[in-house]
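Accompanying notes for the structure given below.
Bear in mind that the values in this text are calculations on the coordinates, not laboratory data. Computed from a predicted model, the values in this text were never measured in an experiment. Using ideal geometry, Cβ is built from the backbone for each residue, glycine included, and neighbour counts are taken over all protein chains shown.
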Amino acid sequence: MHNTELWQRVLAEVELNCSRASFNTWFQHTAIHTKEDGIVLISVPNSFAKEWLENKFNKFILKSLRSAASDVKDVKFIISSSPEHIKQRKKRAEEREVAPLDNQFDFNGVDKDTNLNTRYVFNDFVIGSSNELAHAAAISITKNLGTIYNPLFIYGEVGLGKTHLLQSIGNEVLKLDKTKKVKYVSSEKFTSELVQAIQNRGMDRFKEEYRKNDLLIIDDVQFLAGKDKTQEEFFHTFNSLYEKNKQIVISSDRPPKAIPTLEDRLRSRFEGGMIADIGYPDYETRLAILKNKTVKKQVSLSNEILEYIANSFQKNVRELEGALNKVIIQFRVSKHPVVLDDIKKILSPTMAAPKKNINIKHIIHAVAQFYGIQEKQLLIKTRKQEIVRPRQIIMYLLREEFKFSYPSIGSKIGGRDHTTVMHACEKIAEYLRKDDGLLEEINVIKKMIYNM
Ligand code: ADP
Ligand code: MG
């Protein structure tokens, strides 16, 4: 097999098994340099990528190479910028230089300097017992920047309003004093900017960009887990700001001590300020959120319908909003008056399931049936794509639909680690965002499960 083809195969497999962001970050501009005496030499664009691939992907790459070419014995990495890469990089840098400073906001309303989206404001944030502490801390920070709680660390599960709160802090600080320097960034963006800075010899600028702020907001910091270099740089950024009494705000899907492979010194920094969690919203909060949205969107829905939606989506405000949006669309397009029964039909595939009679066997059975695979095949260790995806779907359904814990899913699906399960769920969630076909597949599978 030709080297190019061999590498394509490996990349295809890697892509299936890691997030898009990390695939782009670590595998862009990689290639097989040579393959001699069973030693495959892979060229990578910089030392950062080299270190990362050696530490995190070595085994995976080797295994994947071997499954495609059995004579492969070992894999090594070298830094090599092919002339083509250098050219591309230069071009990109030039494009950045001459890019006109047209509009301060992109088409989503995101400010290009601060990364803040103007749609997130305190005013639209509904306060309830699940989030009042986090909200109060957020508000008080805007009035005492860098002096009372530093850092402010907000954690909670996905879809419960962390990003909304974080961005509201940024927007509010600028509203109170527009000379303040504010920057909002996800930890993934922080990582990819860091990688770019290293590639383009832009570290000084990167440091300046992050250390000049009065308020630095880092969203979803759990994604720093396992990224040693990024953590190192973030640690220095953190200290630099902290020493100058500049405010740092952080969010995560779990408390600092539950983030695996977070360096201890970062963990203790995170724990040194104020930690506030956001829980599931109670019924009144959910209903208030729905009512707020209908007022903003200028539609009037009956209480019966709003109550039905509020009852059906209890653990995720994003899903709650999504359901409301579906209903609103139905209202706008329907020629007949929409009644509760219509709403039930529209929402049923996405709705939290009646959980009582359904167990793991039903789910495996349905997925196996749907994809025409034997059930036991789904549990054996293999990286075959036709098995991997359905297996990920099983894990996703167990987690998202039936709220099993990650470790318990892992142990039921052939003794896998909880991180594997988390990864599987993220993967499927990611596919779902881009692939409506998959959404259909999963809806059919859900129906099969409920009809068993
Ligand atoms: P997270 O970052 O925790 O995953 P987000 O902040 O993205 O969650 O919230 C998901 C959606 O729910 C957003 O559209 C947000 O505006 C909305 N939302 C969450 N909590 C509230 C709340 N308390 N009041 C109003 N909207 C909320
Ligand atoms: Mg978020």
Q.
Can you compute the charge dipole magnitude of the chain about its Cα centre, using +1 on each Lys and Arg Cβ and -1 on each Asp and Glu Cβ, nothing else charged? Give it in debye, rounded to the nearest 20.
A. 440
Q: Name the long-range amide H neighbours of Phe77: under 5 Å, sequence gap of 5 or more, or other chain; modelled H, no Pro or chain starts.
A: Ile42
Q. Which value in Å is the Kirkwood Rh of segment 165-256 over different Cα pairs?
A. 13.6
**Q.** Three semi-axes of the equivalent ellipsoid, the chain, Cα gyration tensor, whole Å, largest first
**A.** 37, 34, 20
**Q.** Whole-Hz couplings from phi, Karplus 6.51/-1.76/1.60, listed for segment 57-66; x for Gly and Pro
**A.** 10, 3, 4, 4, 4, 4, 4, 5, 4, 5
(Q) If you take every DSSP beta bridge fully contained in the chain, what fraction is antiparallel? Give it as a percent rounded to 5. (A) 25
Q. How much of the DSSP beta bridge set in segment 3-85 is antiparallel, as a percent to the nearest 5?
A. 45
Q: Pull out a ≥ b ≥ c, the square roots of the eigenvalues of the alpha-carbon gyration tensor of segment 328-452, then state rounded if a/c is under 1.5, prolate if not and a/b is larger than b/c, and oblate in the remaining case.
A: prolate
Q) How many Å³ per residue does the convex hull of the Cα positions in segment 3-85 occupy? A) 83
(Q) Tell me the mean residue ellipticity at 222 nm calculated for the chain from its helices only (DSSP H runs of n ≥ 4, each -39500 (n - 2.57), averaged over every residue, nearest 500). (A) -16500 deg cm²/dmol
Q. How are the C-alpha pair distances of segment 283-347 spread across 5 Å bins, as whole percents from the shortest bin up?
A. 3, 18, 35, 27, 13, 3, 0
Q: Check cross-link reach from Lys189 to the lysines: straight Cα distance under 16 Å, and skip same-chain residues fewer than eight apart.
A: Lys112, Lys207, Lys227, Lys229
Q. About its Cα centre, how strong a charge dipole does segment 3-85 have in debye, to the nearest 20, once Lys and Arg get +1 and Asp and Glu get -1 at the Cβ?
A. 240
Q: Report ³J(HN,Hα) in whole Hz for each residue of segment 319-325, in order, from the Karplus equation J = 6.51 cos²θ - 1.76 cosθ + 1.60 where θ = phi - 60°; Gly and Pro get x.
A: 5, 4, 5, x, 5, 4, 4
**Q.** Residues whose placed amide H lies under 5 Å from that of Ile250, excluding near-sequence neighbours
**A.** Leu152, Phe153, Ile154, Ile218
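Pairs of Cα atoms under 8 Å, at least six residues apart: use those to get the relative contact order of the chain, whole percent.
On the way: 569 pairs, mean separation 55.4, N = 452.
Relative contact order for the chain comes out at 12 percent.
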